[in-house]
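First the structure, in the form of structure tokens, and then the observations on it.
The values are calculated or read from the model by the stated rules, or taken from the named source; none is laboratory data. Model, not experiment: these values are computed from the prediction. A quick note on method: Cβ atoms are made from the backbone with ideal geometry, for glycine too, and the neighbour counts reach across all protein chains shown. In case anyone asks, the SASA skips ligands and DNA or RNA and just uses the protein heavy atoms, side chains included. Shrake-Rupley method; radii C 1.70, N 1.55, O 1.52, S 1.80 Å.
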Amino acid sequence: MEKNNSDLFYTCSLIEYVARNTKNRRNDVVKYLENDIERIFQYADVFHCEPIEKVANDFQNRNHIPEGNYDNLADCKYHIPDYWDIGEVFARLIEDCYEEEQVIAGIKEVYNSWLADKILDFNSDLYYQSREYLAACFKEGELLLS
């Protein structure tokens with residue numbers, strides 16, 4: 001897959017924004033957006049022209065995403081990366097582990113993986129590890145010794 005795919009970056013950032021806004025787990029947001037993930041990815045360049053708050057609100061309403069009770073930010077003791085930063089981490093992981101024609105399946109698999117929750121623990125340092133390390137961990141199915 002093309003490195004630094006801006007459509008994938010936007011899609012992952014939007015998932016992160018919606019999850020934070022609705023206090024839902026990221027894999028739950030992906031499930032709620034099941035019928036729109038491909039559309040978001042395909043038209044990311046168009047959606048990117050609007051404020052992300054508006055786009056997120058439109059998709060939240062369209063998909064009836066309820067308010068959840070998951071808040072991984074409240075317990076964070078350190079710097080909280082913004083939704084663009086985390087969108088980039090997930091986009092890179094998908095880029096490094098899936099071919100272009102597998103990107104939609106890759107989004108669903110990565111967000112439903114064991115590694116997603118580890119990355120989203122902002123009290124750890126995993127989210128800012130190198131993309132190569134995260135891809136290797138994902139492929140091996142466990143955190144590797146560094």
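Quick notes
To keep it simple, each residue is scored yes or no on (1) without any contact (Cβ under 8 Å) to a residue 24 or more places away in the chain; (2) over 18 Å from Trp84 (Cβ atoms); (3) among the aliphatic types (A, V, I, L, M).
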| site | (1), (2), (3) |
| --- | --- |
| Arg20 | no, no, no |
| Lys23 | no, yes, no |
| Val29 | no, no, yes |
| Asp45 | no, no, no |
| His48 | no, no, no |
| Pro51 | yes, no, no |
| Asn69 | no, yes, no |
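- Selection from the range 83-94 of residues that are in contact (Cβ under 8 Å) with a residue 60 or more places away in the chain and open to solvent by less than 10 Å² (accessible area, probe 1.4 Å): Ile86, Gly87, Phe90, Ala91, Ile94
- Residue in the range 100-121 that is within 14 Å of the chain's Cα centre (by Cα), more than 26 Å from Tyr43 (Cα to Cα) and among the aromatic types (Phe, Trp, Tyr) present: yes
- Residue count for the range 118-146 under the criterion of being under 17 Å from Tyr70 (Cα atoms), of a type outside the set (Phe, Trp, Tyr) and in contact (Cβ under 8 Å) with a residue 40 or more places away in the chain: the result is 3.
- Checking Lys3, Lys77, Lys108 one by one, the residue that is of a type in the set (D, E, K, R) and at pLDDT 95 or above is Lys108 and no other.
- Candidates Ile104, Ile65, Ile80: the one that is surrounded by 13 or more Cβ atoms within 10 Å (Cβ to Cβ) and part of a helix (DSSP H, G or I) is Ile104.
- Checking each residue in the range 61-120 for being hydroxyl-bearing (Ser, Thr, Tyr) and closer than 19 Å to Tyr32 by Cα picks out Tyr70, Tyr83, Tyr111, Ser113.
- Selection from the range 1-60 of residues that are within 16 Å of Leu120 (Cβ to Cβ) and assigned to a loop (DSSP other than H, G, I, E, B): Lys23, Asn24, Arg25
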